[in-house]
Every structure is written in C-alpha cells, then in structure tokens.
Amino acid sequence: MLLVLAAVAAYPLFRTFYFGFTDASLDMLDSVNWVGFRNYLEWVDYGDGEGEFFGLLVDEVWWQSVWNTLYFSFVSVSFETFFGLIVALVLNANFAGRGIVRAAVLIPWAIPTTVSAKMWAWMMHDQFGILNDLLMKLHVISEPIAWTASSDTAMLAVLMVDIWKTTPFMALLILAGLQMVPRDIYEAAKIDGVHPVKVFFKVTLPIIRPAIVVAIIFRALDAMRVFDLIYVLTPANDDTRTMSVFAREYLFDFDKFAYGSAASTLLFLIIGGVTITIFAMGKTNVGREN
Amino acid sequence: MPIWIKRTSFYALVAVIFVLSVFPFYYAVVTSFKSGQAIFNVDYWPTSFSLDNYFTVLTQGVFGQQILNSIMVATGVVLISLALAVGASYALSRIAFRGKTLMLFTILSVSMFPQIAVLAGLFELIRSMGIYNSLWSLVFSYMIFTLPFTVWVLTTFMKALPVEIEEAAIVDGASPIEIIVKVFLPLMWPALVTTGLLAFIHAWNEFLFAFTFMATDAKRTVPVAIAMISGGSEFEVPWGNIMAASVVVTVPLIALVLIFQRKIVAGLTAGAVKG
Amino acid sequence: MAELQLENISKNFGSIKVIHDVSLAVQQGEFVVFVGPSGSGKSTMLRLIAGLEDISSGTLKIDGQVANDLTPVQRGIAMVFQSYALYPHMNVYDNMAFGLRRHNMSKTEADAHIRDTARSLDIEQYLDRLPRQLSGGQRQRVAIGRAIVRQPKLFLFDEPLSNLDAALRVNTRLEIAKLHERMPDTTMIYVTHDQIEAMTLADRIVVMNHGNIEQVGTPMELYHNPVNQFVAEFIGSPKMNIIQDENAVEKTGIRPEHIELVADGQGQWRGKVEAIEELGAETLVFVRLPTEELVLVRVGDDQSVTRNDMVGLAPIEDKILRFNRDGGRC
C-alpha cells in the first residue's frame, strides 16, 4: 500500500519538481537538460545594454491566475460555509419530508463536475438559457447576459456553479457537528429562558466551531486546486484561469512541459503555504476554545 | 411572531433548498426530451417526450464504449483500493509502531494534494510503464485519492472494533487469515460498502487524469466524453445530446445516492470529522 | 482436568514491568479468583495464562507440561470476556459452533452437543438469534455457553459480570457457582475488581497489587487474617477502619462490624457522630475522632444515637489487627 502511494504520489511529485528545472517538452521527456531557474526567472540581454526578465515569476498571466485562484477559493468557501450552515440547520430540524430533502441536497454533490458544468452552461446560455429568461421575466435584468463569456460575469458564473455543487458537502460536515451537540443543552437553555438566536450564537456555534474549521480547511484545499469546472465552463478565459488550469495549459496544450512543471511546483508551494497558514490559524482558534 | 408565520417561512426555506438542489438536473431532463428546434424555447415544465437525443447519443459514436470504460475503471479502482486498504488498515489499527500517527496524517494529506502537482511526473511514469491511453493508467493514478481515503476510514473503523472479538477468535483457534476472512470482513461490510461507494463515485467523476492520460475517443471515460461533445461550430453545439448524455451518466449516481444516502453521509463525515 | 503452575512469571510492556516474578500453583478443579484494583496486573495475569500475551520470563505449566509457547487452543482453555466478545454477525448457534470446528467432532455430534449445552443454560430458544437481538443477561449466557461447549480444561473469566445491572449480577453469580459444581474437574480462573464476587465464588482468592501477589488464601483466611493493610482494606465491605496510634508509628485496624457503640467516656476511643445511614437491616454510623479520623461502625437497627452525640467506641479485642508504618502486620 505504501509502495503504491509512493509510486503514485511521491515519485511523480519529485519528477514534476525536477522537470521545472529542465527544458523538457512533451515529445522529449527522455532527453532533458538541466537549465536551473530559467523557467522561473531569466534575464535576457539584448546585447545593447537593454534586456528583459522572462519566466514564471514575471509572467502576468501566471500572477493573474494565482489571484483568480485565491479570489475564487475565498469567495466560494465563504458562501459555501454560510449556505452550508443554513442547510445544516434546516436538516437538523425535525420536519415531514426531511429524508427526501436530505437526499435532494446530495444530488449536486453526486453529479460529475464536468456534467454539472455542462448543465449550467446550458442554463446560462446567452440566447436560449433559462437563467436569462427567468431574470428578464422578473425584470432583474433588461437584456440577456453572456454569463460564461463576458469578462464581467465569467467569474460569477464559475462561483455560482461551484457554490451550488459543493454546499452539500459543507452542509453535511456541519450537520455532523450539529448532531453531536447534546439535546439536553437546548432543553437547559429553554428552561433558562434564553432566546433561540442567542442560544445559536452562544451555545451552538461555539460547540460546532471545530467541525466548521475542519470543513473549511477541507474545502479550501479543494477549492485551490479547482480545475475541471473552470476548464469546461469557461475555457481559455483570463478572468477565471486558475493555477491548475494555467499549469495544465502549458503542460499539454502549449507544449511547454517544463514551464508547466515549474508552474505546478509553484502551485504546490503556494497551496502548501496557505494550508500551513490556515492550520496555524485554525489551531490557535480551536486552542482558545479549549 | 405567530407560529404559522414561523412555520410557513421555514417550509419556504426548505422548498427553496429543495428546488435549488434538483433544478439543474430537472432542467437537463426536460431539455433532453426535446427534439429539433423545440430545444431553443425556454420551458419550465416538460412539454414533449422524445427519446431522439438518447437514441443519437447511444447509437452514434462511442458513448456506449465510454460508459463501459467508466464502469471498468471505477470497479477496478474500488476492488484494488479496498484490497490494499484492508491489509494496510489492519496493520495500522492493530500494530503499534513509532511514527504511526505521522504516517496516518501523511497518508491523509496525500488525498488533499493538488493533483496537477503530480500530473507532469505521473504522465512521464505512465508513458514509461507503457500504459498511456490504457484504462490501467486511470486505475493506477486514481489510487492517489482513493487509497488514502479508504485507508483512513477503514483504520478508524477497525480501531473501533473491539480487540476482544479478535481475541475470542484466537481462543477459538482461528488462524490470522480466518480471523480476517471470517470475523473481520463480515463485520466490516458497512465500512467497505461506504468507502467503496465513495471511491466509485470519485473514480466515475474524475476529469483531469482521464482527460490527460487518454488519447483516443474510444478510451475516454464519460466525464471527458461529455466535456468534449461539440458540434461543427459554436452555434451548433448539440445541447440536446449533451443533456441526454448527462442524464445517462448522472442517473446511476443519483440512484446510488438515494439508496445509500446514510452510508455516504457517514463515510463523508468519517473522513473529515475525525481529521 | 488441569493443574496450573506459575513459576516466577514476569511480564514487561516495553520498559515497564507489569508483573513481577509471580509464582502460584492451582489444583485441578479449583476455582481461583484474582482480585485487585485496576492496574494491579490481574487481567494481564489472566491473558498470560490464556496465551493472549507472551510471557516475558518464567514458566507456565499446565498438567506439568511447559505451556509458554502453546496456542490458546493447545492449552485447552476457554474464556468469557468482559464485553462477551460474541461474533456480532453470527447467530448464537454459529457463535457456539465456531470454536468447535477443530475438535474432531462429527457434525451430528457437535450439533447434539451444542443443543445440550444451550439447553443447560436455558438459551435453546435463542439459537437462531443474533447477539444484538439478546438482552445483556442472555448474551452473557451465550458467552458462557460458547466457552463450555468446548469442554475446556481451563475456564477463564475476565470480569464477566461488570456489564450487568446489580440484580442480574447476583443471579449470574449464583449460576457461575452452580456451573462450577456441575464441572468439578474443570479448573476455573476468574478475574474481578469486586471483592464480593471474589468472596462468594472463590475456593481461593489471589489478591494482587502493583503486579505482585499480596496474599493467597481462602475467603475466610483473607477476611480474618490478612497479611497486610492492603489486603485488610481490600477484602470486606464496608472497608476496615485504620486508626493511627498516638505514637504515629503503628496503626490499629478494626472492621466496622467489630466495634460497639458505648457511652461517652467508655471504650478505647471517643468521637462525635457525624452521620447516620439507616439501611434497614443494619445502620452505619460515622464517628469523627478528635484526630479528624473518620471511623465507620456497623450496628443493628435498634441503635438510638443521634447526630452530634458524643459516643465511645469499643473494639472487640481479638478482632483487632495491628499494622506497622509500612502496612505490614505486627
């Protein structure tokens, strides 16, 4: 088992790091040359005292995609946490048909990402999409919007689909936390005459906070590596390109394997850094609770 | 606030959640039953029932083969990762050794790896193993997320099994293999079903590896196939076919979710909450 | 049908020694109870005898043969676990049959045997049920049935009553005593932290503490003649009073049932009645001495003291035990 994991994770990871320091291209993976940091940063001298920096570290498209990734992750996880909390609270209540609603909530999670991207692409179609139709009927907008193509709305479109798709996961994790809150705490609060809203903020929220922190960490890690949704819903779009999409484009679509590997390496480091930061914050928060 | 307002607004919220959850799928079904030009009229309710799109999708091209690919890959992934994980989790839950916690955490963190970070190296490895454009490349590469998860959940589950039952079996004279096969496996069915289901869904839905390691249409899995259905030009995208294919791919998953709802929820939360 | 000999048995977990050089001989057909507080090593002893843990040093002999490296089956043991450890996925019949497979018994023979055993334990009507469909007491019986069906030479019990409620515990205790009568040749080893179980069931009690045997003896020997303060306090309920002498070197031990309440000014000690617990058949009186020590006196129901009375305490002379500073007898 460990051998398989090493073969499928550790070894490829180090090969990726290695390719980032070479001139590898898709057709010549066997005969690669070590080029040092050239993929990351290189000073090209034009000979007459003029020159320019090239490489990933000065690539505006790369930094745009880093920004896109962080923006996407932050916004989507924030909304998912908020909606997930609401859905979890609803599912934690006793009402007729709870089982059906819970099953329905799982549907977005179960649909393959590419499939949901296509379903939403159709709903957000600029001419025949039901979303434009609905919003125009409700007089929210006056003319159709090209959701996935327009640079104003492409990120919004991606965020909508992602929030729709992953809120269920968030809700389930928070629900699991809610169900660990002992019932008699609520009964005690009721006898003490504490207002339900106050009970939620003073009792429920602190108790389920560790569960929420864990859920946020999981989702944040997942959001930062987002690929398929964006690649399928808004292909080759500067406004939504994330780090994963950037790396994959260079690796295979543009035939600059080494440059793509360098991007993958940097992506790994950035996500690693953010993870450690979140963990540190999460730990101090949880630590304070205890 | 009067109780009826409270109750009405609560059920309104429930209704909103329900509609938002199922609507895209519902709309895909509605669209997939339309034929010809009808597809370009926005309808909120089913207006026609035509199987043309399904017929086209399933008879033209290689979609049938692609469904088969997905089934084979997902099944292979489930069987191999469960077989490997049962042994590993038995060791991890019963044998004490130095650095065990660290090892468990490393294993879990592998499943949260950005997959793109291993893509380049994995691509090289798969080519040199000669399984490029073969379904085995997917079975192999999917271990990166199914193995850590299954090992984690099964280890947690095994730890919860009382040691005394194992000891009772030893006192009854059962051999180690008998203990695993006759005592542990029957007890672990719930956990095996849960993790197997999740591994299956993961493998069925995966896009990046399937998209990268498969070069020809006949070898692709369904998520890639659906992403790549296109018409002659931007304006000829066969939306009806795409929606039909989407429904075909999604229905088995929704069926699994409805049948095994509790098990899936338990598995998802076991993976996370215990972390 | 087995004699058991432990010779200088020790057990280490890593660098921690949990059993120190324990030696003991158990006769065939004897019912021996290991008793002690948690962490005393009594459960480890049982597991060493069962073959579930390896013996670090020393010799374990069964019927005169060295058994250190034998498997549990080769040792001819059966065991009843604290949590019963029934196989949850097998019905009662299969639970009992699982250990019988290697007993060279024909199917019909085994079947008859299982049914006989089940009948004797009154669980015949549950043979098709799964453990989770049974009550705690029924599960307990199945666990015993699973053990006796194998006709063991050595029958081991690991705190078998601790998961039962109080009323059921008394009944099951009686049944285990009857079981011992029915199987006079089977050696039984029983581990518990409950000294009442030890007193009622044992031919001989082994009191353990910190991985050592403190004393071995019949229940009455331990009650009347404990070798040290630990045994004296552990055996008997309510527990023995220990009162410091004025010189603060030696101590007097006297059981609550061996003190009489007398008028203030008489008896060996005087003190103030702090609390009275009337239990019906008997009354427990708590008396605070001037030295702040609390002495418990057990008297009949006809006592007429009230709270805050000053009373005298008169111990029965020949029941007094004397202990030195280290807790040994003197």
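Derivation of every value follows stated rules applied to the coordinates shown; laboratory data play no part. Predicted model only: the values in this text are computed from it and were never measured. Backbone-built Cβ (ideal geometry, glycine too); neighbour counts: all protein chains shown.
Observations on the model:
- For chain B, projected area of the alpha-carbon convex hull averaged over all directions, nm²: 21.9 nm²
- Model label points for B:Gln37 and B:Ser175, set 7 angstrom from Cα along the Cα-to-Cβ axis, are 7.5 nm apart.
- Taking every lysine pair in chain B that is 8 or more places apart or spans two chains, those with Cα atoms closer than 19 Å amount to 6.
- Pairwise FRET efficiency - A:Ala6 versus A:Val61, Cβ, R0 = 35 Å, nearest 0.05: 0.55
- Shielding score for B:197-204, defined as the mean number of other chain Cβ atoms within 10 Å: 1
- Mean ellipticity per residue at 222 nm, deg cm²/dmol - from DSSP H runs of n ≥ 4 across the protein assembly as shown, formula -39500 (n - 2.57): -16500 deg cm²/dmol
- Shielding value for B:23-34 is 4, the average number of Cβ atoms from other chains within 10 Å of each residue's Cβ.
- In order along region B:75-81, phi translates into HN-Hα couplings of 5, x, 4, 4, 4, 5, 5 Hz, rounded to whole numbers, per the Karplus curve 6.51 cos²θ - 1.76 cosθ + 1.60 with θ = phi - 60° and x for Gly and Pro.
- Paramagnetic label zone (point 7 Å from Cα along Cα-to-C-beta, C:Asp185; backbone N under 19 Å) in region C:7-35: C:26-32
- Relative contact order of chain A, defined on C-alpha pairs under 8 angstrom at six or more residues apart (%): 28 percent
- Averaged over the residues of peptide A:218-228, the number of Cβ atoms from other protein chains lying within 10 Å of each residue's Cβ is 4.
- Between B:Gln60 and B:Val16, the simple spin-label model (points 7 angstrom out along Cα→Cβ) gives 4.2 nm.
- When you restrict to C-alpha pairs under 8 Å that are six or more residues apart and normalise by the size of chain C, the relative contact order lands at 17 percent.
- Sorted from longest to shortest, the spans of the Cα atoms of the protein assembly as shown along the three principal axes equal 111, 72, 69 Å.
- Shown here are the Rg and Dmax of the Cα trace of chain C, at 23.6, 78 Å.
- For region C:239-323, relative contact order (Cα pairs under 8 Å, six or more residues apart, normalised by length) works out to 38 percent.
- Separation between Cα centres of region A:146-182 and region A:26-104, rounded to whole Å: 16 Å
- Remark: region B:1-50 projects, on average over all directions, an area of 4.3 nm² (convex hull of Cα atoms).
- The distance separating the Cα centre of region C:91-169 from that of region C:275-300 comes to 45 Å.
- Length released on extending from C:Asp116 to C:Gln151, taking residue separation times 0.36 nm less the Cα-Cα span: 11.4 nm
- Computed from Cα atoms, the angle from the helix A:205-224 axis to the main principal axis of chain A rounds to 30 degrees.
- Length gained when the stretch A:Asp48-A:Tyr71 is fully extended (0.36 nm per residue, less Cα-Cα span): 4.2 nm
- For the protein assembly as shown, the dipole from Cβ point charges (+1 on Lys and Arg, -1 on Asp and Glu) about the Cα centre works out to 1320 debye, to the nearest 20.
- Across all directions, the average flat footprint of the convex hull enclosing the Cα atoms of region B:116-211 is 7.8 nm².
- Given charges at Cβ of Lys, Arg, Asp, Glu: region B:88-233 dipole, positive-most of B:Pro162, B:Phe140, B:Phe97: B:Phe140
- C:Asn225-C:Ile316 pseudo-label distance in nm [points 7 Å out on the Cα-to-Cβ vector]: 1.7 nm
- Applying a DSSP loop filter and a limit of 12 other Cβ atoms within 10 Å to the trypsin sites (Lys or Arg not before Pro) in region B:43-131 leaves B:Arg98.
- Fully extending the segment from C:Asn12 to C:Val249 would add 81.8 nm, taking 0.36 nm per residue of separation and subtracting the current Cα-Cα distance.
- Estimated FRET transfer efficiency when R0 is 41 angstrom, pair C:Cys330-C:Gln65 (beta carbons, to 0.05): 0.45
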